[in-house]
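Structure, as structure tokens:
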Amino acid sequence: MLLLLRLMSNRGMHSRRRATNVAGFTMVEMAVVLAVIGIISAIALPVIGRALANMRLNGAARAISNTAASAKTRAAANFTRARVFVDLTSNSYHIETWNGVAWVPVGGTVTLPTGVNFGFGIVGSAPPNTQPGIQQATNCLDNGTPPLVPPAPIANTACFVFNSRGIPIDNLAQPTQWDAFYITDTVTVLGVTVTPTGLIGVWATPVLAAPQWTIS
């Protein structure tokens, strides 16, 4: 009888061990799984972070390009001038139209995403067949008080100005080749350029003194 009870007890212990092995993991197995997850996370997180940064930068450049196209269309549709007004200090921009007396804001102001700023770092030259030398577009002009006080440049601003034919013009109302906005996240620079014929382009390069511009 005692032998039978021992056999039944041993069978119960074996059953419990089998159930434990099937239903769960040992501490060693859990530690291995956690270690693998940690390694994968350490590899993946920087890649994901860079991908998200690229998305923010590219999205910002496309938004600026679309805003420039909208300003160009407004100028032609309203037989006036329109401009994209960039505040380089606040990293924001908006559209304005000329009503014959003053520049009037149209729509809301857009601020660049976190980590993206107007600038081009150490990049030493403009995209090919665009500006003679790399720089943000020329300063926006204030309204002045004609005829006594002519319009004056506004510090820390940059403007694309389009005439009623959709041609980018400078502060003397002459076609210009200097129109470009540059934004960066310190790793990549994107440039939104406008040719003298009004063609808008988006360019990209790593932040290098000798840039490697490609059309984006």
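Bear in mind these aren't lab numbers, they're just calculated from the coordinates by the rules spelled out. All of these numbers come straight from a predicted model, not from anything done at the bench. Glycine also receives a Cβ, built like all others from the backbone with ideal geometry; neighbour counts cover every protein chain displayed.
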With a 10 Å Cβ neighbour count serving as the proxy for reagent exposure, in which order, fewest first, do 62, 83 appear? 62, 83
Per-residue HN-Hα couplings for region 153-158 [Karplus 6.51, -1.76, 1.60; θ = phi - 60°; Hz; x = Gly/Pro]: x, 9, 4, 6, 10, 8
When the chain is fully extended, how far beyond the present Cα-Cα distance does residue 207 get from residue 62, taking 0.36 nm per residue of separation? 50.3 nm
Contour minus end-to-end for residue 199 and residue 187, with contour as 0.36 nm per residue of separation and end-to-end as the Cα-Cα distance? 1.7 nm
Pairwise FRET efficiency - residue 34 versus residue 78, Cβ, R0 = 45 Å, nearest 0.05: 0.10
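If I stretch the segment between residue 154 and residue 52 completely, what's the gain in nm (0.36 nm per residue apart, minus their alpha carbon distance), one decimal?
Once the chain is fully extended between residue 154 and residue 52, it gains 33.3 nm.
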By the Cα gyration tensor axes a ≥ b ≥ c (a/c under 1.5 gives rounded; else a/b larger than b/c gives prolate, otherwise oblate), the shape of region 17-215 is prolate
For residue 70 and residue 173, what does the FRET efficiency come to when R0 = 30 Å and r is the distance between their Cβ atoms, rounded to the nearest 0.05? 0.90
Taking Lys and Arg as +1 and Asp and Glu as -1, residues besides residue 99 with C-beta under 13 Å from its C-beta add up to +2
Mind sorting 181, 79, 160, 120 by how few other Cβ atoms lie within 10 Å of their own Cβ, fewest first? 79, 120, 181, 160
